[in-house]
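Trainee: This is the structure I want to talk about, given as structure tokens.
Read-outs throughout are calculated quantities, based only on the coordinates presented, and are distinct from any laboratory measurement. What you are looking at is a predicted structure, and each value in this text was computed from that prediction instead of being measured. Quick reminder, even Gly has a Cβ in these numbers, built from the backbone with ideal geometry, and neighbours come from all protein chains shown.
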Amino acid sequence: MISLSRIGKQHGRQVLFVDASFQLNPGERVGLVGPNGAGKTTLFRMIVGEESPDEGEVSVPKRTTIGYFRQDIGEMSGRSVLDEAIAGSGRVGDLHHELEALQHTMSDPDQADKLDAALERFGEVQEEYEHLGGYALESQAREVLHGLGFDDARIDGDVGALSGGWKMRVEMARILLSKPDVLLLDEPTNHLDIESIVWLERFLSGLSSSLLMTSHDKEFMNRVVSKIAEIDGGEITVYSGDYDFYLRERAIRETNQEAAYARQQAMLAKEQRFIERFAAHAAKAAQVQSRVKALEKIEKVEPPRRRKVVDFDFRTPPRSGDQVVVMEDLRKAYGSRVIYDGLNMTIRRGERWCVMGKNGAGKSTLLKMVAGALEPDSGAVTLGASLKMGYFSQQALDVLNADCTIEEQLANDFPAESIGVLRSLAGAFQFSGDDTKKKIKVLSGGEKTRLVMARMLLNPPNFLVLDEPTNHLDLATKEMLVKSLREFEGTMLFVSHDRSFLRELSNRVLELGGESGTEAQPHLYTGSYVEYVQRTGHEAPGVHS
């Protein structure tokens, strides 16, 4: 059992924890929630000993192994993806890499003088490796890496050649393969597609490890955890249930606390009026003093800490023509790899197409061709009449001026708008007070995404093309964005790995690669994502329930 007892923690002037307590019991699966900056990452760091509380005690039993997945990873190079994934597996991982080194020595003509010693040591290492289940570990490592989206070529390739997002997946595999007693997962779904997220849900369900995690994916949280620990205002409050239960229970607690606060305030006001009225009356002096002392002893009820959500009245986009996009006989290939071959598809006004498909199926490629950011090899993309397109991709973050503040960026983009309108817009996307004075170059990826979406939706286009718009967004911002887009009167084409986003917004599904994930011809479903799941029996191509 890991316990944090009456801890206090402060970073500069920012108070994170005040007399807070929490424990993680064997086998428990707990979701950690709270506003940005509440102290979630600090709590992880205290558990692994990278930070200490200012007050109180953090207790971790001896010999407890902890696997900590975080958003910053160390250098990875000089090994295959498979070797890097196995590296965290304790003694078995060490033996695996010694075998690799011995094989290299035995095949190197320049080290012929070491051959006999290498052969003898190889036999010893191989025997211990086999005894500890090393060859089964290699098989497990491939299974985990496949689940996280790697194909065999990448698994056997150089880990140093991978992008940052793929290296995060390797780090995830390494931690999962180490089978620790306690798993600490800080935003494990950030760099995963929907297929890998579904796989990870199932894998975690089969582990006996205790789990403490943060996630901006509500669906993932609901399926994995059975308790929620909320950090807010320096306190840690535990709710027994999934994320949806926590939201309902917190709302009930807030309502009850608000009622108790209102009752106490009314009582205090009544007592105060009595004291003020009879303070000068000698005959009432004893009663007045008695009531003053009674008021001093009363434990004050605090008003509930409500999250501030700023509503913004998004404007209605202009009406487009009935045919929004017509794709005729599209072909696109990267070298010998054919992505599209003869794609025909029409998007009509009011349709909301979500695009599903495994990594490499061509989801972003399709959106780029529709947005005009990429030319097809042959065929045509024809945009309809009266069309105003808004295209969001991760590259769209580059349109921001790094040296501007949020306030300056919005004022430069919309010089005709009043400061009140721009502040309301910023507030709707969780920028308020001093936040608007932040320079764009210091913003996180999630904050930049929020700002780009705010700019796009002030005067909304009638056709939105969105490539992973929810990446790095916190739950509160996602819910606000879904609410805004649910009321959007235009047409949408989007890619997302967030199932809440898919469920709430789609009314059409384009599945790339077919049900097996390998068929060349796309499948068009004239129904919502919910109907797609019911009809196909899977939440994503190739991932069966």
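Trainee: Name the aspartates and glutamates eligible as straight-distance cross-link partners of Lys332: C-alpha to C-alpha under 14 Å, and not fewer than 8 places from it in the same chain.
Mentor: By straight Cα distance, Lys332 reaches Asp341, Glu375, Asp377.
Trainee: What lysines sit close enough to Lys483 to cross-link, taking a C-alpha to C-alpha distance under 26 Å and skipping anything fewer than 8 places away on the same chain?
Mentor: Lys218, Lys308, Lys363, Lys368, Lys388, Lys448
Trainee: How big is the gap, in Å, between the Cα center of segment 353-376 and the Cα center of segment 114-174?
Mentor: 33 Å
Trainee: At 0.36 nm per residue, and after removing the present C-alpha to C-alpha distance, how many nm does the segment from Ser139 to Arg91 gain when stretched out fully?
Mentor: Gain on stretching Ser139 to Arg91: 15.6 nm.
Trainee: Where in segment 233-316 are there trypsin sites (Lys or Arg not before Pro) that are in a DSSP coil and have at most 12 other Cβ atoms within 10 angstrom of their Cβ?
Mentor: Listed in order of number, the matching sites are Lys300, Arg305, Arg306, Arg307, Lys308, Arg315.
Trainee: Something else about it: Over the chain, what is the percentage of antiparallel beta bridges among all DSSP beta bridges, to the nearest 5?
Mentor: Approximately 55 percent, going by the DSSP bridge assignments.
Trainee: Once the Cα atoms of segment 35-97 are picked out, what are the Rg and Dmax in Å?
Mentor: Answer for segment 35-97, Rg first and Dmax second: 15.7, 44 Å.
Trainee: Same structure again: Using label points projected 7 Å from each Cα along Cα→Cβ, tell me how many nm separate Ala416 and Ala373, to one decimal.
Mentor: 2.7 nm
Trainee: May I pose another question? Using only the alpha carbons of the chain, what is the convex hull's orientation-averaged projected area in square nanometres?
Mentor: Average of the hull's projected areas for the chain equals 34.1 nm².
Trainee: At most 14 other Cβ atoms within 10 Å and a DSSP loop assignment: could you name the GluC sites (Glu not before Pro) in segment 12-91 that fit?
Mentor: Filter output for segment 12-91: Glu50, Glu75.
Trainee: I would also like to ask the following. Near Ile347, within a Cβ-to-Cβ distance under 12 Å, what is the net charge of the other residues, with Lys and Arg +1 and Asp and Glu -1?
Mentor: Charge balance near Ile347 sits at +2.
Trainee: Here is a further query. Work out from phi, with θ = phi - 60° and the Karplus expression 6.51 cos²θ - 1.76 cosθ + 1.60, the ³J(HN,Hα) of each residue of segment 3-15, listed in order in whole Hz, and give x for Gly and Pro.
Mentor: Each residue's phi maps through the Karplus curve to give 9, 10, 10, 6, 7, x, 8, 9, 10, x, 8, 7, 8 Hz.
Trainee: Further, regarding this structure: Counting Lys and Arg as +1 and Asp and Glu as -1, what is the net charge of the other residues whose Cβ lies under 9 Å from the Cβ of Arg79?
Mentor: That works out to -4.
Trainee: On to the next question. Arrange the peptides 233-240, 406-413 so that the one whose residues have, on average, the most other Cβ atoms within 10 Å appears first.
Mentor: Ranked by mean Cβ neighbours within 10 Å, highest first: 406-413, 233-240.
Trainee: Could you let me know the centre-to-centre spacing of segment 422-479 and segment 190-222, using Cα atoms, in angstrom?
Mentor: Here the two parts' Cα centres lie 26 Å apart.
Trainee: Give the lysines whose C-alpha is closer than 20 Å to that of Lys270, dropping any in the same chain fewer than 8 places away, or say none.
Mentor: Straight-distance partners of Lys270: Lys284, Lys293, Lys297, Lys300.
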